[in-house]
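A quick write-up on the structure given underneath.
The values are calculated or read from the model by the stated rules, or taken from the named source; none is laboratory data. Since this is a predicted model, take the numbers as computed values, not measurements. We place every Cβ from the backbone using ideal geometry, glycine too, and count neighbours over all the protein chains shown.
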Amino acid sequence: MTRRTFVRRSRLEAPADAVYRWHARAGALERLSPPWTRAVVESRSGGIEDEGARVVLRVGPLRQRWVAEHTGAVPGREFHDRQVEGPFALWEHTHRMQPEGDAACTLEDRIEYALPAGRVGDLVGGPSIRAMLTSLFAYRHRLTADDLAAHAACHGERAMKVAITGSSGLVGSALVPFLTTGGHEVVRLVRRAPRAPDEARWDPEAGTVDVRSLEGADAVVHLAGESIAEGRWSGAKKARLRSSRIGPTRLLAETLAGLRRKPKVLVSASAIGYYGNRGDVAVTEKDAPAADFLGRLCVEWEQATEPAASAGIRVVHLRTGIVLSPTGGALGKLLPLFRMGFGGVVGPGTQYMSWIALDDLLGVIHHALDRNDLDGPVNAVAPEPVTNRVFTTTLGRTLRRPTIVPVPAFTLRAAFGEMADAALLASTRVRPERLLATGYRFRFPELEGALRHLLGKKA
């Protein structure tokens, strides 16, 4: 067995105890799992300080089983885990936080590992494993530093109770661990019978909500709604898009308005579809809605929160752009084609795409929860929208793949009908004016940096 050592060190502008607590909280492993690894936590017993506690993961496209066991924690300074089942012949991981004065520390990840099949395995797989570890821990250290800075800037040590709808979706499933690692309590509103202590039932079709779970909540984040960019917009599809947004939003707003102790803020999802096709004209939160189906839907969606606003709850409408994550959404659908070299410009390629990296969307939600001067519409997009042609060439360059297979507009219209023009071919050049005015600092203001981070690609 050929034993190897990998070490990654980073200076963090946070005390060692704070970094340790962040790692010890629920959701840390989910936050630290890069989206390209497709790691899913299947089960866990205990935390990082519990000797012998185990975490069971499914990793990679083949969902390989990985069982890790925690050992030998030193509270406030370090913890350890070792593989007891998985792809390596040996895997021993030490996470260490070394104080650098009172306000900073060095975060060190040290891996002792060996590949199966001895020297042959090391010769064949060694370079790729080293590259994988380099990308993995560069991602983890940056994310840890960014998350700690975000929580310190917004709330310090003040914890909130936050109720979330749509917690199993692309955004919600990332928002929950982002908040819990920051020390906040999360209540997930689910439509089925609750299966965990942090879940509570709501049933928009029946018009019922578990009111007790919302009493005492400081904030509510409402993300639920059927996907707009899935399939043709038949009459039945349009009806579902409306019914999954308008009624549930109104029910939630009315319920919050009737609570004895109301939350201070409701952050409710909307979309930049509000603005419609604007060509190359830049739009801000001051611009009027489009007169098409999507524009009217967004108007009704936002108006459905009125009972909460009338009851004195601060309401923020997040007009979200294209959310970038390899685990879902537009980027998730495009990646297989681009990786095979079949990517290309969609339609004319001149249409603007207003995008936002998933981690920035989490940051925007966090910012909206914290800023008492922020209400009404907020454009949740990066400050640098790009044309589809620029998006296509940037993604191809990041993946080192050609982008020579165009998708003509008529093909999209034949496949998706009205939805093609409204969601795929529309040009919406949106500026996040209110975020910039209230001091939000984007982690990824430029597209290539966002894609390289999300896909684990070096510059």
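Might you let me know whether segment 367-387 holds any residue that is more than 21 Å from the chain's Cα centre (by Cα) and without any contact (Cβ under 8 Å) to a residue 12 or more places away in the chain? Looking for residues that are more than 21 Å from the chain's Cα centre (by Cα) and without any contact (Cβ under 8 Å) to a residue 12 or more places away in the chain, one finds none in segment 367-387, hence no. The set of residues from segment 380-393 being outside any loop (DSSP other than H, G, I, E, B) and either under 30 Å from His317 (Cα atoms) or among the acidic types (Asp, Glu) (or both) comprises Ala380, Val386, Thr387, Asn388, Arg389, Val390, Phe391, Thr392.
Can you find even one residue in segment 194-217 that is within 30 Å of Gly417 (Cα to Cα), of a type in the set (A, V, I, L, M, F, W, C) and either assigned to a helix (DSSP H, G or I) or more than 19 Å from the chain's Cα centre (by Cα) (or both)? No, every residue in segment 194-217 fails to be within 30 Å of Gly417 (Cα to Cα), of a type in the set (A, V, I, L, M, F, W, C) and either assigned to a helix (DSSP H, G or I) or more than 19 Å from the chain's Cα centre (by Cα) (or both).
Quick grid of which residues meet (1) surrounded by 19 or more Cβ atoms within 10 Å (Cβ to Cβ); (2) under 24 Å from Val186 (Cβ atoms); (3) of a type in the set (Val, Ile, Thr):
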{"site": "Asp17", "(1), (2), (3)": "no, yes, no"}
{"site": "Ala24", "(1), (2), (3)": "no, yes, no"}
{"site": "Arg38", "(1), (2), (3)": "no, yes, no"}
{"site": "Ser45", "(1), (2), (3)": "no, yes, no"}
{"site": "Ile48", "(1), (2), (3)": "yes, yes, yes"}
{"site": "Arg54", "(1), (2), (3)": "no, yes, no"}
{"site": "Leu62", "(1), (2), (3)": "no, no, no"}
{"site": "Thr71", "(1), (2), (3)": "no, no, yes"}
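Looking only at segment 275-289, decide whether some residue is closer than 20 Å to Gly169 by Cβ, under 24 Å from the mean Cα position of the chain (by Cα) and either in contact (Cβ under 8 Å) with a residue 40 or more places away in the chain or in a loop (DSSP other than H, G, I, E, B) (or both). Checked segment 275-289: no residue is closer than 20 Å to Gly169 by Cβ, under 24 Å from the mean Cα position of the chain (by Cα) and either in contact (Cβ under 8 Å) with a residue 40 or more places away in the chain or in a loop (DSSP other than H, G, I, E, B) (or both).
Between Pro377, Pro406, Pro445, the distinction of being in contact with a strand residue (DSSP E or B) (Cβ under 8 Å, 6 or more places away or on another chain) and over 30 Å from Ile313 (Cα atoms) belongs to Pro406 only.
Residues that are modelled with pLDDT of 95 or more, among the hydroxyl-bearing types (Ser, Thr, Tyr) and surrounded by fewer than 21 Cβ atoms within 10 Å (Cβ to Cβ): does segment 305-316 have at least one? The answer is yes, given that some residue of segment 305-316 is modelled with pLDDT of 95 or more, among the hydroxyl-bearing types (Ser, Thr, Tyr) and surrounded by fewer than 21 Cβ atoms within 10 Å (Cβ to Cβ). Across segment 144-173, the number of residues qualifying as within 12 Å of the chain's Cα centre (by Cα) and either more than 28 Å from Gly225 (Cβ to Cβ) or among the β-branched types (Val, Ile, Thr) (or both) comes to 1. State whether the residues of segment 426-447 include one that is at pLDDT below 95 and either more than 30 Å from Cys154 (Cβ to Cβ) or in a helix (DSSP H, G or I) (or both). Yes, segment 426-447 contains at least one residue that is at pLDDT below 95 and either more than 30 Å from Cys154 (Cβ to Cβ) or in a helix (DSSP H, G or I) (or both). For beta carbons closer than 7 Å, sequence separation of 6+ or different chains, a first residue in segment 53-74 that is assigned by TED's automatic domain parsing to the domain that holds Val41 and a second that is surrounded by 15 or more Cβ atoms within 10 Å (Cβ to Cβ) and among the aromatic types (Phe, Trp, Tyr), the qualifying pairs are Leu57/Trp66; Val59/Trp66; His70/Phe79; Ala73/Phe79. Within segment 330-379, the set of residues being within 30 Å of Arg401 (Cα to Cα) and of a type in the set (S, T, N, Q) comprises Thr350, Gln351, Ser354. In summary, strands (runs of 3 or more DSSP E) completely within segment 1-120 and bearing 2 or more residues that are farther than 22 Å from Gly456 by Cα occur at 40-45, 54-59, 64-74, 78-85, 90-99, 105-114.
Every condition in (1) out of contact with any Leu (no Cβ under 7 Å at 6 or more places or on another chain); (2) of a type in the set (A, V, I, L, M, F, W, C); (3) within 26 Å of Asp280 (Cα to Cα) is met by Leu335 except one, and the failing one is (3). There is no residue in segment 407-419 that is in a strand (DSSP E or B) and polar (S, T, N, Q).
Screening the candidates Ala152, Ala138 for the property of being in a helix (DSSP H, G or I), surrounded by fewer than 19 Cβ atoms within 10 Å (Cβ to Cβ), out of contact with any Lys or Arg (no Cβ under 9 Å at 6 or more places or on another chain) and touching a residue at least 12 places away in the same chain (Cβ under 8 Å) yields one hit, Ala152.
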